[in-house]
1. Send over a whole-number figure in Å² for the accessible area per residue of the range 150-223, probe 1.4 Å.
2. May I ask you to work out the translational diffusion coefficient for the range 36-165 at 20 °C, viscosity 1.002 mPa s, via Stokes-Einstein with Rh from the Kirkwood sum over Cα pairs, reported in whole µm²/s?
3. Calculate the dipole size of the range 68-163 relative to its Cα centre from +1 charges on Lys and Arg beta carbons and -1 charges on Asp and Glu beta carbons; express the result in debye to the nearest 20.
4. Of the GluC sites (Glu not before Pro) in the range 17-85, which ones lie in a loop per DSSP and count no more than 15 other C-beta atoms within 10 Å?
5. Once the whole set of protein chains is in place, how much accessible area is left on I152, using a 1.4 Å probe, in Å² to the nearest 10?
6. For D102, tell me the accessible area in Å² from a 1.4 Å probe, rounded to the nearest 10.
7. Please sort by residue number the chymotrypsin sites (Phe, Trp or Tyr not before Pro) in the range 73-139 whose DSSP state is loop and whose Cβ has at most 15 other Cβ atoms within 10 Å.
8. Quick check on the chain: helices-only [θ] at 222 nm, where DSSP H runs of length 4 and up contribute -39,500 (n - 2.57) each and the sum goes over total residues. Nearest 500, please.
Amino acid sequence: MIYAANLKCNYTRSGFLEYARVLDRNISDQSVMVFPPSSAFLETKFKFTQGAQNFYPAKSGSFTGEIGSDMLDEFGITTVLIGHSERRALGEDEPFLKAKFDFAKQNGWDIIYCIGEDDITHMNGSTKEFLCDQLENIDLEYENLVVAYEPIWAIGTGKSAKAEFIAEILDFISTKTTAPLLYGGSVNIANIDDIKAIKNCDGVLIGTASWDANKFLEIIKKD
């Protein structure tokens, strides 16, 4: 199982260092990834993989406020999130997401590519068609790809999708790619067992429930 923590806009470098130490002391060989804000990147190596929530598809240049690959290289970061709904909401459209994907692929990075529908699309029963359009944007045969299904209506709302629905959608996505599949959207200690039991679920991408290192560890260690 892959356990990925998206810390979003939380933690300073000193705070993340303590988070990282707690996590590092208590994990063994699980596939754990943590995505801190870029201002909190650490040069220290840990048992978990440190990834980037965001980057600009260039080494460097005149891109005010952006994060180029030279900056990620300084911290040895080769794992990135692309397509998270909160980035899409800020204006990252399909052509830009494709540029980010292609740049990451060119660099051989590990990519977690996020897809997911809003509540209106969900209620209209058009989820699969919507996800198909998002998946057409990328190379689904890229060997370092992980796809994360995160229904927008479940992110940070405390309202996780039902296991039966998650299973149906992950089964559908599995017909499009052999990449590992994650579920994200209000994952917590109460529903992790049901989510882990889903046939085509290879892991979880966790937001709020991962912001406390000890609570994240409870999810990782839950049998």
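1. For the range 150-223, the per-residue accessible area is 46 Å².
2. On the way: Rh = 15.9 Å.
For these conditions, the coefficient is 135 µm²/s.
3. Approximately 360 debye in magnitude.
4. Answer in residue order: E43, E66.
5. Spelled out: I152, probe radius 1.4 Å, area about 70 Å².
6. 60 Å²
7. Values: sites: F75, F96, F101, F103, W109, Y113, F130; in loops: F75, W109.
In loop regions of the range 73-139 (DSSP not H, G, I, E or B), the sparsely surrounded chymotrypsin sites (Phe, Trp or Tyr not before Pro) are F75.
8. Mean residue ellipticity, 222 nm, calculated: -9500 deg cm²/dmol.
The values are calculated or read from the model by the stated rules, or taken from the named source; none is laboratory data. Here the structure is a predicted model, which means the values were calculated and not measured. Glycine also receives a Cβ, built like all others from the backbone with ideal geometry; neighbour counts cover every protein chain displayed. Surface accessibility is based on the protein's heavy atoms, side chains included, excluding ligands, DNA and RNA. Shrake-Rupley method; radii C 1.70, N 1.55, O 1.52, S 1.80 Å.
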